[in-house]
Amino acid sequence: MKKIQALAFSALLALGGSASAANHLYTFNGTLADALGGADMVGAGGILGSTSYSFGKNEGLSLGEQLGSVYTIDMVMSFDTHSGWQKIIDFKDRTSDKGLYTSDTRWYFYDVGSMGNVPADGQAARLTLTRDSSSLVSLYVNGALAGSFVDSANIATFEGKGAFFFMDDTTNTKPEAAAGNVDYIATFDRALTAGEVAAGVSPVPEPASGAMLAAGLGMLAMLRRRSRKA
């Protein structure tokens, strides 16, 4: 098992050799460090395990780097409960309600609208959020498009100190947040295409690297699902 997991992480790290690949990769395998050598994630409480990061209500993670207006964020995460509102990504330095949430049974980008049904409580999903150069914001869930909108108001552009995950803005006296778990977070400095999201891999110059990454992501997801069941 350890050998297979090591191969999976080796495949993920193969992304680092391409300009079109991920610019940050956080696997949470006992560290908050970027596997590609960038800035560390910062935890606000929570528990760092050997394969994932678990957080309590309104605990979470932050990346002290603005991801700008064109980007992709890819992650596998779960909330223990979907009752009420729970923020997933905050874009405005925690000063605004705008952001990506779950709202009871739906994914929701506030204040645009809902984007499909959430999984059962505690069940992980792969979320991929992109914003392209035409301001089109798209949310993919498990590789399939859940919804999109043209972000003419720039509510999905990053401002302030960087990106915040699983923590609500500070304007609410009762945080709209929930406890949960995240397996990995990867960011890209471009918008992945629908085909790339569905394949689970960004294009790299060397075909072998692309195949290695796809295999690594598949193995990593399989191992973590088995670990949870055990």
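The values are calculated or read from the model by the stated rules, or taken from the named source; none is laboratory data. Please read these numbers as outputs of a predicted model, since none were measured by experiment. Cβ atoms come from the backbone with ideal geometry, glycine included; neighbour counts cover every protein chain shown. Areas reflect the complete protein model, heavy atoms only, side chains present, ligands, DNA and RNA absent. Shrake-Rupley method; radii C 1.70, N 1.55, O 1.52, S 1.80 Å.
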Given charges at beta-carbon only (K, R positive; D, E negative), |dipole| of region 92-169 in Debye: 200 debye
Simple label model, 7 Å out from Cα along Cβ direction - residue 174 to residue 66, nm: 3.5 nm
Mean accessible surface per residue for region 57-124, computed with a 1.4 Å probe while every protein chain stays in place, in Å²: 38 Å²
Net charge over other residues, Cβ less than 11 angstrom from the Cβ of residue 80 (K, R count +1; D, E count -1): 0
³J(HN,Hα) computed for each position of region 123-134 - Karplus, 6.51 cos²θ - 1.76 cosθ + 1.60, integer Hz, glycine/proline x: 8, 6, 9, 8, 9, 10, 10, 10, 9, 9, 6, 9
Solvent-accessible area, 1.4 Å probe, carbon plus sulfur percent, for region 57-131: 40 percent
Per-residue ³J(HN,Hα) for region 97-108, Karplus 6.51 cos²θ - 1.76 cosθ + 1.60, θ = phi - 60°, Hz, x for Gly and Pro: 6, 4, x, 9, 10, 10, 9, 6, 9, 10, 6, 8
Cα coordinate range in region 96-153, projected on the principal axes (Å, largest first): 34, 25, 15
Computed log₁₀ I(q)/I(0) - Debye formula, equal Cα scatterers, no solvent, region 112-184, q 0.17, 0.20, 0.21, 0.23 Å⁻¹: -0.87, -1.18, -1.27, -1.38
For region 36-164, average projected area of the Cα convex hull in nm²: 7.9 nm²
Spatially proximal aspartates and glutamates relative to residue 57 (Cα-Cα < 16 Å; intrachain offsets below 8 disregarded): 80, 90, 104, 121, 168, 169, 176
J(HN,Hα) series, region 186-194, from Karplus relation 6.51 cos²θ - 1.76 cosθ + 1.60, nearest Hz, glycine and proline x: 10, 10, 10, 8, 8, 8, 5, 6, 4
